[in-house]
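The values are calculated or read from the model by the stated rules, or taken from the named source; none is laboratory data. These numbers come from a predicted model, not from an experiment. Every residue, glycine among them, receives a Cβ derived from its backbone with ideal geometry; neighbour counts consider all protein chains shown. Surface areas here come from the heavy atoms of the whole protein model, side chains and all, with no ligands, DNA or RNA. Shrake-Rupley method; radii C 1.70, N 1.55, O 1.52, S 1.80 Å.
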Amino acid sequence: MSARNSVNRWGRVSQSLHWLIALLILVLGVVGLTMGELPRTPKYFWVYTAHKSLGIAVLVLVLLRLGWRLYAGAPAPVPGTPTWQKRIAGATHGLLYALMFAIPLSGWLYDSASGLRPFRWFGLVEVPKLSGPDPQVVAISHAIHEYGFWLLIATVLAHAGAALYHHLYQRDTTLVRMLPQGSLTSRQKD
Ligand code: HEM
Ligand code: HEM
């Protein structure tokens, strides 16, 4: 399989970024929702810094992904896909991209406006603050971070449901072409 996207399938770069980012978002969601319950030991602060550092890493990966998407393009729609499905898929992918930016950015803004000490990205470099202490910015950015995450989960469920529907009922290559070649079935040739 080529690194670039072909007319028929997503290449290695797009696939790797798609599944790596999906996995990291899942991990960040689970950690984000549970870390507030941890006892206030040094580990508590370690987990918070790990969440923030990994979140910033996801932001960088999403930037790379968008850059690659704009540079390398996308495969053509699976033959026979009706226009309404193409429109809904396009809108869903746009929303997913918007949320993949909004969630880490709002987390970063929330952290900045909370007036906490600057944190070091994986202990290496100090991450600059996006704003000074501001309770209004704290409230808005926290709401975007939390509700944006639940909107992302709902959108991903619809997105993954559509991919499985294509695979199981329409029996087309929509899902297979986002998977490493040879996995699931050989329905797709390059
Ligand atoms: C894609 C990346 C990220 C995801 C999916 C994510 C997800 C979450 C989730 C689901 C929560 C729990 C929300 C709640 O119920 O309050 C949370 C909390 C939090 N996140 Fe993130 N996060 C991401 C990136 C970041 C980044 C980049 C930062 C900061 C630089 C950050 C800082 C925080 C903080 C400080 C909290 C605790 C909020 C509180 O005190 O209630 N997150 N995150
Ligand atoms: C956090 C989770 C996820 C996010 C943020 C996400 C996001 C996206 C985006 C933005 C695209 C458009 C392609 C691009 O421009 O890169 C895409 C394509 C795709 N996604 Fe996901 N995805 C997630 C999880 C999943 C899951 C769980 C599945 C399946 C079970 C899935 C299946 C697919 C497939 C098959 C495509 C290709 C669609 C096509 O060729 O038209 N995704 N995804």
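Tabulated data for the structure shown
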item: Identity of the residue in region 1-14, open to solvent by less than 30 Å² (accessible area, probe 1.4 Å) and more than 13 Å from the chain's Cα centre (by Cα), that ends up farthest from R69 (Cα to Cα); result: R9
item: Qualifying residue in region 17-37 (condition: more than 30 Å from S141 (Cα to Cα), more than 9 Å from ligand 1 (Cβ to nearest atom) and crowded, with 16+ Cβ neighbours inside 10 Å); result: no
item: Residue in region 87-105 that is more than 23 Å from E146 (Cα to Cα) and over 18 Å from the mean Cα position of the chain (by Cα) present; result: yes
item: Inter-residue pairs, beta-carbon under 6 Å, first among the aromatic types (F, W, Y) and in region 139-168, second within 8 Å of ligand 2 (Cβ to nearest atom) and assigned to a helix (DSSP H, G or I), 6+ apart; result: none
item: Matching residues, region 94-117, being open to solvent by 60 Å² or more (accessible area, probe 1.4 Å), farther than 16 Å from A22 by Cβ and assigned to a helix (DSSP H, G or I); result: L105, Y110
item: Test for T81: is it over 17 Å from the mean Cα position of the chain (by Cα), of a type in the set (S, T, Y) and open to solvent by 50 Å² or more (accessible area, probe 1.4 Å); result: no
item: Breaking point among (1) surrounded by fewer than 16 Cβ atoms within 10 Å (Cβ to Cβ); (2) modelled with pLDDT under 95; (3) more than 22 Å from L28 (Cα to Cα), for A91; result: (2)
item: Failed item, numbered, when P42 is tested on (1) within 13 Å of ligand 1 (Cβ to nearest atom); (2) farther than 24 Å from L175 by Cα; result: (1)
item: Pairs, first aromatic (F, W, Y) in region 49-75, second surrounded by fewer than 17 Cβ atoms within 10 Å (Cβ to Cβ), C-beta under 8 Å, six or more apart; result: none
item: Within region 141-173, considering residues that are polar (S, T, N, Q) and modelled with pLDDT of 95 or more, the one surrounded by the fewest Cβ atoms within 10 Å (Cβ to Cβ); result: T155
item: Region 10-55: number of residues that are assigned to a loop (DSSP other than H, G, I, E, B) and at pLDDT below 95; result: 4
item: Subset of region 46-66 (residues that are open to solvent by 40 Å² or more (accessible area, probe 1.4 Å), within 11 Å of ligand 1 (Cβ to nearest atom) and of a type in the set (A, V, I, L, M, F, W, C)); result: L54, V60
item: Hey, L179 near ligand 1 (Cβ under 9 Å from one of its atoms) and crowded, with 16+ Cβ neighbours inside 10 Å or not; result: no
item: Pair list, Cβ under 7 Å, 6 or more apart: region 91-111 residue closer than 15 Å to H159 by Cα, other residue open to solvent by 40 Å² or more (accessible area, probe 1.4 Å) and within 12 Å of ligand 1 (Cβ to nearest atom); result: L99/L151
